[in-house]
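Readers should treat all values here as calculations from the given coordinates under stated rules, not as data from a laboratory. All figures in this text were calculated on a predicted structure; none of them were measured in a lab. No Cβ is skipped: glycine too gets one built from the backbone with ideal geometry, and neighbour counts run over all protein chains shown.
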Amino acid sequence: MSVTKNTSMGELIADVRERVLFLQEMGVSYLAVGLLEAKTDIAKTDVCTANGEKGMADSHNDAARRYPIPEINIPLNSKPAEPRPAPGSRLASLPSLGKRKGSKFFDEYNPPEVESGELRVERSGPETGFHEMSEPTETIEQIRAEIGTDCTRCKLSALGRSQVVNSVGNFNADLMFVGEAPGADEDRLGEPFVGRAGQLLTDIIEKGLGIPRKDVFIGNINRCRPPGNRAPEPDESVVCKPFLLREVAVVRPKVIVVLGATAAQNLLETKTPISKMRGKFHDYLGVKVMPTFHPAYLLRDPHKKREVWEDIKMVRDYLRTAA
Ligand code: URA
C-alpha cells in the first residue's frame, strides 16, 4: 500500500494489522525498526524469527522495510501460545489416500513443531481415483512427446503463443500446483509461473512451506498463452486439460493446490466462486484439492495473502500427517 495524503487512518491501520498478522504467521516474533524517515526508501529494519534468527521473513511483503516506524521493538507474539494438539490428532480420522510410501517434504525441510490447521474435507467426484489405479503405464516424458512442441489441437496455437509451456518439477512430488495458462513471461521462457506472480508462488512454496520449488510439480490447465492474457476458453481447455490429468495420474500427488477461480472451477467442474471454495479440501479422483487465490490476484490485493496463508497451512499440516 503506498501512503499518500489521501490514505485514511483506517486503511493504514487495516494494512498494518494485516501485515503484522502475516509476519506473525511466518514465525516472526518481533520487529526492531529504525527511525522514521520522510521518504519511503529502504530503511534498516531487522525481522527476527521466533528462534532469534535475523533476516527477511518474506521478501514479497516488505512493508517493514518500506514503512519504517520510530525506534522500538514490537513484540508480535503478545498472546501466550495455545497448547498444540498432538501431531496428527485432528487428522487421525481422515481416510488414507493409499499413497505410495514415504513423506519427504516436512520431515526433511521443516521443524516438527507447527500449529495444526483445521481440516475440512469436501467430497466431490467419483469414488475411484488416481490412487486406486495400478502403477502408471506412461511417463511424463511420453506425455510431453505426445503433446509435441508445435501442438495445434486448439486455436491458441494460431493466436500468438510462442511455445508450449509444459509442467515442471518433481515427477514424484507430493504437492502439485495448478494454474490456468501461461502469461507473457512463461510464454517467453517456456516454464510455468516464472513472472511476477510466479515469483510470489515460489515464495509461498519456498518461504511459506519450506520446500524447494524444484520438489513440487507445477503446471497449468492450458499450456499455451491466450492472447492479451484473457482466460482460456472452454474449447481450448477441453483439449489441453486431459494431458494435465494424465500427469496427475503419473505423479499421484497427495495434494493439488489449484490457483485462482478459472483453474479451480475448471478442475473441479463447478461454478462456485473461489472465495467459497478456498479454505477447505475438495476431492478430485481421490486427490485432495485445495483451491486458493491466484498469486496474480495477491499482487493486486495483498490483504488476501492472509487467506492464502491459511489455505497453505492446511496443506502443510495435511502433508505432514499423510504418510
Ligand atoms: N498464471 C498462470 O495461471 N499460470 C502461469 O504459468 C503463470 C501465470
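Summary of packing: across the peptides 165-176, 284-295, 140-151, the per-residue average of other C-beta atoms within 10 Å ranks them, highest first, as 284-295, 165-176, 140-151. Return the subset of Lys254/Lys313; Lys254/Lys280; Lys207/Lys280; Lys241/Lys305 for which the Cα-Cα distance in this structure is over 18 Å, preserving the input order. Table pairs above 18 Å Cα-Cα are Lys207/Lys280; Lys241/Lys305. Strictly greater than 19 Å: what percent of every Cα pair in the stretch 221-321 meets that? In whole percent, the long-distance tail amounts to 46. Take 214-225, 199-210 and order them by the average number of nearby Cβ atoms within 10 Å per residue, most first; the result is 214-225, 199-210. Could you please report the charge total around Ala263, scoring K, R as +1 and D, E as -1 over all other residues with beta-carbon less than 11 angstrom from its beta-carbon? Around Ala263, the charge tally is 0. Converting phi to 3J(HN,Hα) with the Karplus coefficients 6.51, -1.76 and 1.60 and the offset θ = phi - 60°, the stretch 254-268 yields 7, 9, 10, 9, 9, 9, x, 4, 4, 5, 5, 5, 5, 5, 8 Hz in sequence order, with x at every glycine or proline. Given in Å, the Rg to one decimal and the Dmax to the nearest whole number for the Cα atoms of the stretch 124-280 are 15.0, 41.
Taking amide H as placed 1.01 Å from N in the peptide plane, the amide H of Val258 sits under 5 Å from that of Val178, Met290, Thr292, each at least 5 places away or on another chain. A cut-off under 13 angstrom between Cβ atoms defines the neighbours of Pro234, and their net charge, with Lys, Arg +1 and Asp, Glu -1, is -1.
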